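Engineer: This is the structure I want to talk about, given as C-alpha cells.
The values are calculated or read from the model by the stated rules, or taken from the named source; none is laboratory data. None of these values were measured; they are calculated from a predicted model. Here the Cβ positions follow ideal geometry from the backbone for every residue, glycine too, while neighbour counts run over all protein chains shown.
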Amino acid sequence: MDFVEQLKSSVRIETVVGEYVRLRRSGPSRYMGLCPFHNEKTPSFTVHVVHQFYKCFSCGVSGDVIKFVMEKEGLSFYEALKSLAERYGIPMPKRSQYADDESRLRGALLEMHEIAQDAFRAHLNGPAGDVARNYLERRGLARATVEQFGLGYSDRGGRALQHLLERRGFSAAQMEQSGLVGKRTDGSFYDRFRNRLMFPIHNEAGKIIAFGGRALSADDEPKYLNSPETPIYKKSTVLYNLHRAKEAIRKEDRVILVEGYMDAIGVTAAGFTPVVASCGTSLTAQQVQAIKRYSQRIVVNFDPDAPGANAAERSINLLLEEGMHARIMELDGDLDPDEYCKQRGAAAYQDRLESAKGYFYWLADRARKKHDVHTGEGLVAVLQFLLPAVQRISDPLERSAVAGDLASYIGVPPGMVLDSFRRSAANRQEKSIEAPKTVLRPDERMLLNAVLSDGETRSAVVSALRPLEAVSRFASRRIFQAVFALEDSGERVAFDNLHARLEEADQNLLAEAVLNEGEAVPEQAVAAALESVRHSDEQQRREQLKARIKETERAGKWEEALRLMAELETLA
Ligand SMILES: [Zn+2]
C-alpha cells in the first residue's frame, strides 16, 4: 500500500474535519455541519464516512481528507501529508517522493526565518542591541514578555543576515524569495530590516513566516516595515498572535481584536490572553474566518483616534457578514490598548472589556454625534448610516430585532424606523448560491452507489451494465466508463480511486450521487434500477430499429427492412 493510501486508511476524515467544524450525524454514513469554506446558517457541508469524502452543496467544494487540510491550512500536498502524519502519529517514509519543488522552497524559507529569528534575538542581547533594549524599557516591557514574543533587533550594518544566510548555503533565488533581503539593481543583496525592533509573525501552526520591524530612529521611514508577501506569507490571511491565543479564545469563547503588535503584547502581558492583532492591514474575510473557528464572539479594541474608529466601523460590516457577534470596546483618555493597560492597570481594562457596547449601539452613538436626530434630515442621515450594518445581518429574525432596538436607542418612533429597515431588508440581495441541479436519474444514482458497494454486488451490476447501450446516455456515463476501466485494469474499484480519474464536473456528479443516497443499497432497489435501465435500453434499441427500417424502406432495400422488422418484433 502506498503511503497516501495508508495515511488515508488510518485517519478518519470525520475526526479531522471535526477539529474545524461541529459535525452532526445525519445518516448511517453521513455527517453534516456548517461549511468552513463559506459563510452559511444552515448546514450544507457533508462528510461521508464510508467513502471518506466531503462536499459542500452550497459552494461546491469537495475532496478527501488531504485536500481538506490543504485548503483549510493553505498547504501543499506534501505539507498536508506531513501535517496529518505528525498529528496522528503515522510514521512517514524517509525518502519523500512527494516533496515537490514548491514545498522544498517553502521548507527553505521557513528555515531561513528560523535563522533570522535566532540572529535578531542574539543582536537584541548583544552590544549593538542597546538602542532596542532602551526602547523596550521605555515602553515598560518585562524581560519575560520580550522572550515570550520572541522580540529581536536587526543591526544597522545591513549585511549581517545576508552573509549568514549565504554561509548557511541558501541560493540567491531562495534569498530573493524570502523577503528577508532586498536586491539591488547590480544584483547584490542587502538586509531588508536595519536598525529595527523585530516582531516575528507566526502562522497558526506556530512557524515564523514573516517579520514586522519597528523603526528605532526618528528619521527611519516607514515607522513599521513588514515582510513582503512570499510563498509562505499571505498578509490577508494572517493574524498576529493567533497561534498563541487560539486556545484561550476557544476557552473563553471570545477574542479581542487590536490593531498593533505592541497592543497585542501589552494586552497579553496584562493577563488578557485571547488577543490577536490585524497589524496595519484592514481586516479581511479570511482573517475573520480564521478567528471564527475558535469563537464567534469578538470585541474590537482599536485605537481611540479617528483612523481607529473608522477602521472599527469598516470591520463591523465584514464581521456581520461572517456571522460574528461583535462588540466595540472604547478606551478613555486617548490611550491605545497597550498604554491603557500600563497606565490604568488590568482591572480598568477588564472593566472596559466587560462594558463594551454591542456594535449597533456604538454605531448609533457615532451617528448621533454626527447628525441631529431631531430634524428630518438628520434622522434620514442617521438611518442611512446605520442601514448597511443592519442589512448585513443575515438572519432575518436577528435583523428585525436589531432594527427595533436601534429605533428605541436613537429615540425615534419604532414603526417608522422598522418600516425603512424592512423595506431595505426586502430589497436585500441574498448571496446564496444556487444548489447544483440534479441531473441524475434515480436508477443511475442507485446503480452508482451499487458499483461502489461491496465486491459481489459491484461485479454483478458491472457485468449487467456493460452490454447495455443505455449507459452511454446516462449523465453519469463517464463515471461508469471509468468504473469499467478500473475493473479491466484490475485496480481497486473504490470511491477515491474512481474520483481521482474523473474531471471536476463528473466528480461533482459522483459526490452528489453518493452523498444524497449513499447509505444502503438494498438488493431489490438495485434489481429494480437494473430492470429500469434494461427497459430504457430496449426502448432505445426499438427506436433505433424503427429509424433504420424507415431508412432502408426509403432506400428501397426491402429485404433488409423485413429482417429488421422481424428483429423489432422479437424485442416487443
Ligand atoms: Zn461551502
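Engineer: If I ask for residues that are in contact with a Phe, Trp or Tyr (Cβ under 7 Å, 6 or more places away or on another chain) and without any contact (Cβ under 8 Å) to a residue 40 or more places away in the chain, which ones from the stretch 207-254 would you list?
Structural biologist: Going through the stretch 207-254, the residues in contact with a Phe, Trp or Tyr (Cβ under 7 Å, 6 or more places away or on another chain) turn out to be 209-214, 216, 225, 227, 240, 246, 249-250.
Scanning the stretch 207-254 gives a single hit, LEU225.
Engineer: Name the residues in the stretch 268-306 that are under 22 Å from PRO200 (Cβ atoms), out of contact with any Lys or Arg (no Cβ under 9 Å at 6 or more places or on another chain) and aromatic (Phe, Trp, Tyr), would you?
Structural biologist: PHE272
Engineer: I'm told ARG25 meets every condition in (1) loosely packed, with under 14 Cβ neighbours inside 10 Å; (2) out of contact with any Phe, Trp or Tyr (no Cβ under 6 Å at 6 or more places or on another chain); (3) at pLDDT 85 or above except one. Can you identify the failing condition by its number?
Structural biologist: (2)
Engineer: Right, another one. Going residue by residue through the stretch 223-234, is there one that turns out to be modelled with pLDDT under 90 and of a type outside the set (A, V, I, L, M)?
Structural biologist: Looking for residues that are modelled with pLDDT under 90 and of a type outside the set (A, V, I, L, M), one finds at least one in the stretch 223-234, hence yes.
Engineer: Residue check, GLU204 against (1) surrounded by 15 or more Cβ atoms within 10 Å (Cβ to Cβ); (2) at pLDDT 90 or above, all met but one. Which one?
Structural biologist: The single condition GLU204 does not satisfy is (2).
Engineer: Could you please tell me which pairs satisfy a Cβ distance under 9 Å, a separation of 6+ or placement on different chains, a first residue in the stretch 144-163 that is assigned to a helix (DSSP H, G or I), and a second residue that is acidic (Asp, Glu)?
Structural biologist: From the stretch 144-163, the pairs are ALA160/ASP191; LEU161/ASP155; LEU161/ASP191; GLN162/ASP191.
Engineer: Still on this structure, I have one more. Looking at (1) of a type in the set (Ser, Thr, Tyr); (2) assigned to a helix (DSSP H, G or I); (3) touching an Asp or Glu at 6+ places or on another chain (Cβ under 7 Å), find the lone condition where SER9 falls short.
Structural biologist: Condition (3) is where SER9 drops out.
Engineer: Restricting to the stretch 9-28, give me the number of residues that are over 23 Å from SER295 (Cβ atoms) and in contact (Cβ under 8 Å) with a residue 60 or more places away in the chain.
Structural biologist: At the first step, the residues of the stretch 9-28 found to be over 23 Å from SER295 (Cβ atoms) are 9-13, 25-28.
Subsequent filtering for residues that are in contact (Cβ under 8 Å) with a residue 60 or more places away in the chain retains 10-11, 27-28.
So the answer is 4.
Engineer: Filter the stretch 358-417 down to the residues that are among the β-branched types (Val, Ile, Thr) and without any contact (Cβ under 8 Å) to a residue 40 or more places away in the chain, then identify the one that is surrounded by the fewest Cβ atoms within 10 Å (Cβ to Cβ). Spell out how you get there, then give the answer.
Structural biologist: Our first condition is that a residue be among the β-branched types (Val, Ile, Thr); within the stretch 358-417, this holds for 373, 375, 380, 382, 390, 393, 402, 410, 412, 417.
The next check asks that each one be without any contact (Cβ under 8 Å) to a residue 40 or more places away in the chain; those that pass are 373, 375, 380, 382, 390, 412, 417.
Working: VAL373: 17, THR375: 10, VAL380: 13, VAL382: 23, VAL390: 23, VAL412: 16, VAL417: 22.
Selected residue: THR375.
Engineer: Could you grab me the full set of residues in the stretch 294-307 that are small (Gly, Ala, Ser) and surrounded by 19 or more Cβ atoms within 10 Å (Cβ to Cβ)? Before the answer, list the steps.
Structural biologist: So the first thing to find is which residues in the stretch 294-307 are small (Gly, Ala, Ser), and the list is 295, 306.
SER295, the sole residue that qualifies.
Engineer: Take residues that are among the acidic types (Asp, Glu) and tell me which of the helices (runs of 4 or more DSSP H) falling wholly in the stretch 265-354 contain 1 or more. Give the steps one after another, and end with the answer.
Structural biologist: Numbers: elements: 285-292, 306-321, 337-344, 346-354.
In the stretch 265-354, the matching helices (runs of 4 or more DSSP H) lie at 306-321, 337-344, 346-354.
Engineer: Can you pull out every residue in the stretch 455-513 that is hydroxyl-bearing (Ser, Thr, Tyr) and more than 20 Å from LEU530 (Cβ to Cβ)?
Structural biologist: Going residue by residue through the stretch 455-513, those that are hydroxyl-bearing (Ser, Thr, Tyr) are 457, 459, 463, 472, 476, 489.
Correct list: SER489 only.
Engineer: Those residues that are among the hydrophobic types (A, V, I, L, M, F, W, C) and under 27 Å from ILE232 (Cβ atoms), I need them from the stretch 105-135; list them, please. It would help to see each step written out before you state the result.
Structural biologist: First pass over the stretch 105-135, keeping only residues among the hydrophobic types (A, V, I, L, M, F, W, C): 105, 108-110, 112, 115-116, 119-120, 122, 124, 128, 131-132.
If the condition is that a residue be among the hydrophobic types (A, V, I, L, M, F, W, C) and under 27 Å from ILE232 (Cβ atoms), then LEU105, ALA108, LEU109, LEU110, MET112, ILE115, ALA116, ALA119, PHE120, ALA122, LEU124, ALA132 are the ones that fit.
Engineer: Within the group ASP537, ASP506, which residue is of a type outside the set (Val, Ile, Thr) and in contact with a Lys or Arg (Cβ under 6 Å, 6 or more places away or on another chain)? Give the steps one after another, and end with the answer.
Structural biologist: Numbers: ASP537 fails: in contact with a Lys or Arg (Cβ under 6 Å, 6 or more places away or on another chain).
One residue alone meets the criteria, ASP506.
Engineer: Sort out which residues of the stretch 341-374 are in contact with a helix residue (DSSP H, G or I) (Cβ under 9 Å, 6 or more places away or on another chain) and among the aliphatic types (A, V, I, L, M), and write them in order of number.
Structural biologist: ALA348, ALA356, LEU363, ALA364, ALA367, VAL373
Engineer: Can you report the number of residues in the stretch 493-520 which are modelled with pLDDT under 80, part of a loop (DSSP other than H, G, I, E, B) and not hydrophobic (A, V, I, L, M, F, W, C)?
Structural biologist: 3
So that you can scan it fast, the table gives a plain yes or no per residue for (1) free of Cβ contacts under 8 Å to residues at least 12 places away in the same chain; (2) in contact with a His (Cβ under 8 Å, 6 or more places away or on another chain); (3) under 22 Å from ARG30 (Cβ atoms):
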{"site": "ALA475", "(1), (2), (3)": "no, no, no"}
{"site": "LEU486", "(1), (2), (3)": "no, no, no"}
{"site": "ASN497", "(1), (2), (3)": "yes, no, yes"}
{"site": "ARG501", "(1), (2), (3)": "no, no, no"}
{"site": "ALA529", "(1), (2), (3)": "no, no, yes"}
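Engineer: Could you look through the stretch 15-28, keep only residues that are assigned to a helix (DSSP H, G or I) and among the aliphatic types (A, V, I, L, M), and pick out the one that is farthest from the ligand (Cβ to nearest atom)? Don't jump to the end; show me each part of the working.
Structural biologist: Keep residues of the stretch 15-28 that are assigned to a helix (DSSP H, G or I), which gives 15-18.
Checking the rest, the ones that are also among the aliphatic types (A, V, I, L, M) come to 16-17.
On the way: VAL16: 17, VAL17: 12 Å.
Filtering first and then ranking leaves VAL16.
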